[in-house]
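Working notes, beginning with the structure itself.
The values are calculated or read from the model by the stated rules, or taken from the named source; none is laboratory data. The shown structure was predicted, so the numbers you read here are calculated from the model rather than taken from an experiment. Reconstructed Cβ throughout: ideal geometry from the backbone, glycine too, with neighbour counts over all protein chains shown.
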Amino acid sequence: MSLRIHNDHNRFKDIVRGRIKQNLKDYIKKGEFISKQGNDKITVPVPRVELPQFRYGSRSQGGVGQGDGKVGDPISASPDQDAGQASEAGSESAEHSLDVEVSLEELAQMLGEELELPRIEPKGSRRIKNQKLKYNGVHTVGPEALRHFKRTFRNALKRQISTGTYDPKNPTVIPVREDLRYRSFKSVEKPESNAVIIYMMDVSGSMGEEQKELVRIESFWIDTWLRRHYDGIESRYIIHDAMAKEVDRDTFFHTRESGGTMISSAYRLCADIIAKDYPSQDWNIYPFHFSDGDNWSVDDTRLCIGILREQVLPHVNQFSYGQVESPYGSGQFIKDLRDSLKSHQAIALSEIKDKDGIYGSIKEFLGSGR
């Protein structure tokens, strides 16, 4: 019976997981998840799930396809209700959604499965190997600190029941030596790769709140996905208008600045951070830049391309540029990048028109597995 319940529970979880994946695109668009981190639980609404089961009917009922009606009539319509006629208010209960808690890590895994994102292939010659204890069995001997209390209690209870010494009125279970069980373990090496994500966001006047919200949501899910592949990943945050500055995570996701736009200031700061703190032979480096494509001048765009070509692209796994659509931005910058750097394999470009475009943009950025 216990095994049967366990199987049913797993089956139910699989069904719920399938429902979440069906609506994953809608969940990704929600900005309220941005404050969550790591293994934080988030609540997502799922349509009420009913496990299929057989129901017996009377033998007098007609078979399949029996009864009045014409081809094309809605099955839900009653004989007294015309097709397409709205029903009046009634006393019947409507179908409600079920709130399900999942961790960010689980949701990121589903995102990778749905978008068919490949495993990231780390580069770099240095690898940090940490010793990790892996519990892999249960033995009859071992130190008291590793005693498996559930197994020990279960064995003692089974022994007392089988020998007739268990008294339900006085349910005292006392383990003896033969009941004791201990966890066994082995030491394994867990390889880790160094990785850093450098986020850059245009916060100039042409970037409205809607555009900044798109950037924050997409940056959040990119960050969540990459953290599944690297332990101890570092993140750096840069915001820029006419000048660039490094900020903390909270400021990046909540800033409300405005001003002119000089994208080269962000790229120069990004290149300085890489050169100073993250040697490319030891680090997997992922710069992401988001803007509406409205730069100060053609000269500054040429300067941006020069910085990317000479100081950034040779040292990173991939440089990603996402351009959000804005009524105030020219949108020219992504065209200039395509024309000048289209042959470079370490660059990924994406246009994000609205929240519905976030899903596909993540695929464009992370689909190469670099």
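Exactly one residue among Ile305, Ile352, Ile263 is closer than 19 Å to Val203 by Cβ and at pLDDT 95 or above, and that residue is Ile263. Counting only residues that are within 19 Å of Cys270 (Cβ to Cβ) and either outside the structural domain of Asn295 (by TED's automatic domain parsing) or not hydroxyl-bearing (Ser, Thr, Tyr) (or both), segment 325-344 holds 6 of them. Look at segment 180-200: where a residue is surrounded by fewer than 18 Cβ atoms within 10 Å (Cβ to Cβ) and a partner is hydroxyl-bearing (Ser, Thr, Tyr) and modelled with pLDDT under 85, sitting 6+ places away or on another chain with Cβ atoms under 8 Å, you get Arg183/Tyr135; Ser184/Tyr135; Phe185/Tyr135; Glu192/Tyr230.
Residue count for segment 278-312 under the criterion of being touching a residue at least 24 places away in the same chain (Cβ under 8 Å), out of contact with any Ser or Thr (no Cβ under 9 Å at 6 or more places or on another chain) and outside any loop (DSSP other than H, G, I, E, B): the result is 3.
Tally time: how many residues in segment 329-347 are under 16 Å from Met201 (Cα atoms) and touching a helix residue (DSSP H, G or I) at 6+ places or on another chain (Cβ under 9 Å)?
Filtering segment 329-347 down to residues under 16 Å from Met201 (Cα atoms) leaves 329, 331, 333-334.
Subset that is touching a helix residue (DSSP H, G or I) at 6+ places or on another chain (Cβ under 9 Å): 329, 333.
Of the residues in that region, 2 qualify.
The single condition among (1) over 28 Å from Asp282 (Cβ atoms); (2) outside any loop (DSSP other than H, G, I, E, B) that Gly329 does not satisfy is (2). Any residue that is farther than 22 Å from Gly259 by Cα, free of Cβ contacts under 8 Å to residues at least 40 places away in the same chain and under 21 Å from the mean Cα position of the chain (by Cα) - is there at least one of those in segment 313-322? Scanning segment 313-322, I find at least one residue that is farther than 22 Å from Gly259 by Cα, free of Cβ contacts under 8 Å to residues at least 40 places away in the same chain and under 21 Å from the mean Cα position of the chain (by Cα), so the answer is yes. Checking Asp250, Asp272 one by one, the residue that is within 20 Å of Ser320 (Cα to Cα) and surrounded by fewer than 15 Cβ atoms within 10 Å (Cβ to Cβ) is Asp272 and no other.
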